[in-house]
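Data block below; observations after.
The values are calculated or read from the model by the stated rules, or taken from the named source; none is laboratory data. All figures in this text were calculated on a predicted structure; none of them were measured in a lab. Cβ placement follows ideal geometry from the backbone for every residue including glycine, while neighbour counts extend to all protein chains displayed.
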Amino acid sequence: MSQQAGHERQWSSSELTLDQQDKERRLEHHSLISDEASQARLRHGTSATKTIDSEYNAAHMRPMRSTMSPLTLWHFFLDILFALPGFAFLVFAILVRIYDGQPLDQEPAPALRSIATYGPTIFPIVFAAAAVNFLKAVAAWKLERGISVLSLEFLLSSRTVFSTIASPIALGAVNYLTPLLVILWALSPLGGQAALRVVGTAPSSQVEHWSGRYVEFRGELPYQEDADGVPHSLPAVIATFGAALSSPKDVKAAGQDTFGHVKVPMIESFLDSQATLDDDGWFAIKDETNAVYSSLAGLPIASNDPFSRASNYSFNLTTSYLHTDCKVSHVSSRKHKTWKASLYKHIRKAPAQEAPSRFHNDLTMAIEVVQRYNESSHAPMKLNFTSYTRNETTTASCNLTTSYVQVDVACHLSNCNAVRIRPMEHEYDVASTVLNGLAPTGWMEFYDEQYGSFLGYFVNSSNNLWDWVPETDLYSSPIELYITNPDIPYAVLPNGRGWRGEEIWPVGDALFSTRFTQLLNSFWLAQIAPFAPMGRVNISTSNELKKELQTLDWRSVNGTRTPDIVVLRAEKPWLATLIIASLVMLSAALAAAILNVWRRGPDILDYATSMMRDNPYVNVDSAHQGCSMEDGVDRTRRLMAMKVRLGDICPEENEGYIAMATPERASRLTKAGKKRVFR
């Protein structure tokens, strides 16, 4: 083009012949700026110059763009429309945050979940529209004020994530716009995924206060208050204990008993196994495999309202239980009559006010109190447990103490289980137990020989009416069989000549201690709360058991209740991503609208006709030349039927020249020889 500039001359038609005019026209029309008035002079001569200039000015002159012109305001309105999707997604994100925790079956949660499914499709489309419009507006605004070709190329070529990355690679250059454009377009896929993933689901975390009560383990035996209570409560005691003893294997291993009461784990099983403590001293009860429970029965829990299956509960219990540490031995058995006679022969003579020291079931089992609790020396009560079989007689010497614990209880769908346990800090004497009158205060406030009633009923609790009939075939009681086979304690089978039973001593010290502990605690709970296990206690509706329930020693407990429903959950990281992407899209749309208002020149970017502006190789007559202030869309609309070609505009010369031109001015490149060169 620089060589063509050397030919720039202006001639009047009166000074040239027709052949010279045609030759010069091919050169003079190759100037960078086509002067339409000059072209008109060539065609009409100098005499028509003034007239043509007047007609040209009248037909093609336009003023500079005005910020308040109707066309500018109309374009501003159209640009503002690009901001609506960004605003809509921002409102969507805000609604998701507002309705965080809304039940899924309540509006607008279903609508928000439905809208989220369209996010990955809609968001990238509207984001691309707003971003492209913004980049074009920035390019046009900067072009009027001066911009490097590299920056202009980056702004116009960065239309997708791929093109934003590919452009610097293709050009082999970067500038300050490169990272900004990469970040801008990275928000497109991230925003689409955020619109989908921002709506999650989770169990409700709405916490409500809940208060209830539970039975104090260190309570007084109810029927010790008066003798009239014995025949009234004893059948319930035996039935409750029998239900716990005969419960299925999975119930025995579960965290709650048959009636839904919470079992207390044995803290000793965690201490002996050296389980891991958390920072607050809690042992986690992950599942049934790492928990050994202190009883087959659980602590009764009461509330003014029944436990709802639509809620979850959480609370802490401070309680205690009996613990036995036993040493097991065995000797060869004597005849049963001799062994049974020895039980009566060795009963110690005791004052009338003292409880008896030996208890037996007239069959094969006996328990003897060989040492009572000594308050002065803090020596624990010692029991001797004896189980007779034909071959071996098992004897277990047991120390009886009290374990104090705190239990963290969680209830799901009204199923309550201990989830954590830790030793309770206390100043109590662990050697003192409920059998010697231990009260909740830590002092012996009750009848200090409760063991008499307790052990007397305990050894006979699993007998039936026929066991006291003379000449009854001997068999191990369900209590003894629980120690050897806890899954089926009532499944006694004949074992030659009518003998039915099993030897206990092979189970060992640890297993015997655990199972004997469970039996004692189960029977104790059955005695202090014989009526409570008949269904989970609802104080407000238990009028029939009002008298019996009042005899229990209740302790208040405060906890939390959480609705057991699935709610809409606003995923915080995706919510932040969606808000940022929506704000960027909204800001880009608004910025584009403002920049386009500030622009004074025509809109020429992104239009093919812009390559034809002031192009001397494209034949455009004066009627279609247009004004330099004409927007690209108007020029395209006028020249949409025109054909152009990228070709050789100097096919007859030794050196070719490539330019966009009308077909009659440019030769096809396919016709050029392989050795042809271009300048």
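Remarks
- For the condition closer than 26 Å to Tyr490 by Cβ and either modelled with pLDDT of 90 or more or buried (at least 17 other Cβ atoms within 10 Å of the Cβ) (or both), Lys327 does not qualify.
- Residue check, Phe134 modelled with pLDDT of 90 or more, surrounded by 17 or more Cβ atoms within 10 Å (Cβ to Cβ) and in the same structural domain as Val161 (by TED's automatic domain parsing): yes
- Sole exception among (1) surrounded by 15 or more Cβ atoms within 10 Å (Cβ to Cβ); (2) free of Cβ contacts under 8 Å to residues at least 40 places away in the same chain; (3) not β-branched (Val, Ile, Thr) for Ala93, by number: (2)
- Restricting segment 380-413 to residues that are under 50 Å from the mean Cα position of the chain (by Cα) and polar (S, T, N, Q), the residue that is farthest from Glu368 (Cα to Cα) is Gln406.
- Unique match (being surrounded by fewer than 19 Cβ atoms within 10 Å (Cβ to Cβ) and at pLDDT below 90) among Ala302, Ala291, Ala227: Ala227
- Every residue from segment 98-108 that is at pLDDT 90 or above and within 14 Å of Arg569 (Cβ to Cβ): Ile98, Tyr99
- Qualifying residue in segment 198-216 (condition: crowded, with 19+ Cβ neighbours inside 10 Å, at pLDDT 90 or above and not polar (S, T, N, Q)): yes
- Test result for Thr670, without any contact (Cβ under 8 Å) to a residue 12 or more places away in the chain and farther than 30 Å from Pro120 by Cβ: yes
- Answer from Ile165, Ile183 - the residue that is surrounded by fewer than 18 Cβ atoms within 10 Å (Cβ to Cβ), at pLDDT 90 or above, at negative phi and β-branched (Val, Ile, Thr): Ile183
- When segment 252-279 is limited to residues that are exposed (fewer than 14 other Cβ atoms within 10 Å of the Cβ) and either touching a Gly at 6+ places or on another chain (Cβ under 9 Å) or in a helix (DSSP H, G or I) (or both), the one that is modelled with the highest pLDDT turns out to be Leu271.
- For segment 316-333, the condition holds for no residue, the condition being that it is out of contact with any Leu (no Cβ under 9 Å at 6 or more places or on another chain), under 24 Å from Ser204 (Cβ atoms), in a strand (DSSP E or B) and among the small types (Gly, Ala, Ser).
- No other residue among Ser377, Ser414 is surrounded by fewer than 19 Cβ atoms within 10 Å (Cβ to Cβ), modelled with pLDDT of 85 or more and out of contact with any Asp or Glu (no Cβ under 6 Å at 6 or more places or on another chain) apart from Ser377.
- Options Ala140, Ala48; residue that is farther than 30 Å from Arg600 by Cα, of a type in the set (A, V, I, L, M) and either over 22 Å from the mean Cα position of the chain (by Cα) or modelled with pLDDT of 90 or more (or both): Ala48
- Looking across segment 655-675, the residues that are surrounded by fewer than 16 Cβ atoms within 10 Å (Cβ to Cβ) and either modelled with pLDDT under 85 or closer than 16 Å to Tyr617 by Cα (or both) come down to Ile658, Pro663, Glu664, Arg668, Leu669, Thr670, Lys671, Gly673, Lys674, Lys675.
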